[in-house]
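Scroll down for the structure; my scribbles are underneath it.
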Ligand SMILES: Cc1cc2nc3c(=O)[nH]c(=O)nc-3n(C[C@H](O)[C@H](O)[C@H](O)COP(=O)(O)OP(=O)(O)OC[C@H]3O[C@@H](n4cnc5c(N)ncnc54)[C@H](O)[C@@H]3O)c2cc1C
């Protein structure tokens, strides 16, 4: 076992909490718990997220909501993001599959300076890791993966692959969709494979984007082109597995031509910067967000279709809510108290259910081949576009 301790003071063998997972949500959870006054051991196998800045562009790109940016700033992480590699979204144009219906959103409707910031995963991960390192007095990082979890009445025991055992009153699972912690804690998960894959790649385009994110619904496929600095655009094309396999097999030039064609020339001619990558898509719903001495956050707690670009934002919301609940406990009280954890579960029930309903509902509506479904959804888009109050409500939810 290798323990990389940020400081001797942080090397407690009985931390107030153990956070499992080196992803963006794991790092954010650590910051949230430290903000709530806890000493944390972070089980974060090395070499996962925060690779050094690459000469090119990371194909994992996220739309980070204003609400997430606000919280990440409050915990001292957003300040470390390299702003020269992010791009503000100032407008969004969503098009239906009849060629003329659609919805447009912009910063005037939202009354905010941006609808989202587009940021590479590695850029955000580096900023989060720097913010964690700045809290060395309260954090110990362990680089071995977790292999076992035992839940006792007063403590949980986390065993790492190197044989070390950490005893703690609270384990926070940020170990992703296939969470070992969730499985060992006996929390049931319901999975639905969409039979779809998201194909992602970055392109240089001949037509400038002016900060506009574009999305096209084509039946059950969704193509999004998100703005990046320097006139680049990042693509997320969610489509049936067979179609995705075909796209992933195309030579780079042919892929760029295909994307340019399907985008109706809106981005002009396109040139792929690097090979595309594919991510299989599934919906996951857990039976409960907490159990004795365990709380789930991020993809360990929920996975949603990326058509709204909200899975990670939902995870940051989990970290923020858990931090807020733990901040209200008394100085001597048990951070793993089930009553306290249930308050976290109640706080997250509605935002998670609403996002699942919206993303899954939209996916199903656009996949439907029932007679009249296409006309209905395109009419619906036009109606939302002409109803400012409803549009504002939709935007408020997406920007939280
Ligand atoms: C194509 C696509 C586009 C997306 N775009 C957006 C977007 O624009 N905006 C948005 O908000 N969301 C977006 N999402 C969703 C987002 O990617 C996820 O919600 C987010 O990455 C989840 O992060 P996580 O840290 O919870 O999980 P992960 O990123 O899966 O991290 C889990 C971590 O746990 C570690 N781990 C696993 N097992 C163990 C173990 N046994 N011991 C220790 N560690 C372990 C892993 O190594 C990993 O580091 C998108 C998703 C896809 C597929």
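Quick rundown of the values:
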item: Filter result for residue 203 (outside any loop (DSSP other than H, G, I, E, B) and modelled with pLDDT under 95); result: no
item: Some residue of region 195-208 being away from the ligand (no atom under 15 Å from the Cβ) and farther than 30 Å from residue 245 by Cα; result: no
item: Criterion: farther than 22 Å from residue 105 by Cβ and exposed (fewer than 15 other Cβ atoms within 10 Å of the Cβ) - qualifying residue of 272, 277, 301, 295; result: 277
item: Residue check for residue 227: out of contact with any helix residue (DSSP H, G or I) (no Cβ under 7 Å at 6 or more places or on another chain) and within 12 Å of the ligand (Cβ to nearest atom); result: no
item: Entirely in region 303-400, the helices (runs of 4 or more DSSP H) that have 1 or more residues that are within 16 Å of the chain's Cα centre (by Cα) and either farther than 26 Å from residue 24 by Cα or at pLDDT below 70 (or both); result: 388-399
item: Of all residues in region 235-250 being free of Cβ contacts under 8 Å to residues at least 40 places away in the same chain and loosely packed, with under 15 Cβ neighbours inside 10 Å, the one that is farthest from residue 277 (Cα to Cα); result: 242
item: Subset of region 78-119 (residues that are without any contact (Cβ under 8 Å) to a residue 40 or more places away in the chain and in a helix (DSSP H, G or I)); result: 83, 107, 108
item: Any hit, region 85-103, residues being at pLDDT 95 or above and near the ligand (Cβ under 9 Å from one of its atoms); result: no
item: Pairs with Cβ under 9 Å, 6+ apart, first in region 184-204 and under 21 Å from residue 364 (Cβ atoms), second in a loop (DSSP other than H, G, I, E, B) and modelled with pLDDT under 95; result: 194/220; 194/305; 196/220; 196/305; 198/305
item: Residue within region 131-148 that is buried (at least 20 other Cβ atoms within 10 Å of the Cβ), modelled with pLDDT of 90 or more and not assigned by TED's automatic domain parsing to the domain that holds residue 31 present; result: no
item: Exclusive hit being more than 16 Å from the ligand (Cβ to nearest atom) and touching a residue at least 60 places away in the same chain (Cβ under 8 Å), set 125, 156, 131, 136; result: 136
item: Positions within region 284-315 being away from the ligand (no atom under 12 Å from the Cβ) and in contact with a strand residue (DSSP E or B) (Cβ under 6 Å, 6 or more places away or on another chain), in sequence order; result: 285, 286, 289, 292, 293, 294, 295
item: Among (1) surrounded by fewer than 22 Cβ atoms within 10 Å (Cβ to Cβ); (2) more than 25 Å from residue 231 (Cβ to Cβ); (3) touching a residue at least 24 places away in the same chain (Cβ under 8 Å) - the single one residue 72 does not satisfy; result: (1)
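One line per residue, one yes/no per condition, for (1) closer than 13 Å to residue 89 by Cα; (2) at pLDDT 95 or above; (3) part of a strand (DSSP E or B):
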{"site": "181", "(1), (2), (3)": "no, yes, no"}
{"site": "190", "(1), (2), (3)": "no, yes, yes"}
{"site": "198", "(1), (2), (3)": "no, yes, yes"}
{"site": "210", "(1), (2), (3)": "yes, yes, no"}
{"site": "216", "(1), (2), (3)": "no, no, yes"}
{"site": "226", "(1), (2), (3)": "yes, yes, yes"}
{"site": "230", "(1), (2), (3)": "no, no, no"}
{"site": "233", "(1), (2), (3)": "yes, yes, yes"}
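The values are calculated or read from the model by the stated rules, or taken from the named source; none is laboratory data. Note that the coordinates shown come from a computational prediction; the quantities given were computed from them, not determined experimentally. For neighbour counting, all protein chains shown are included, and Cβ atoms are generated from backbone atoms with ideal geometry for every residue, glycine included.
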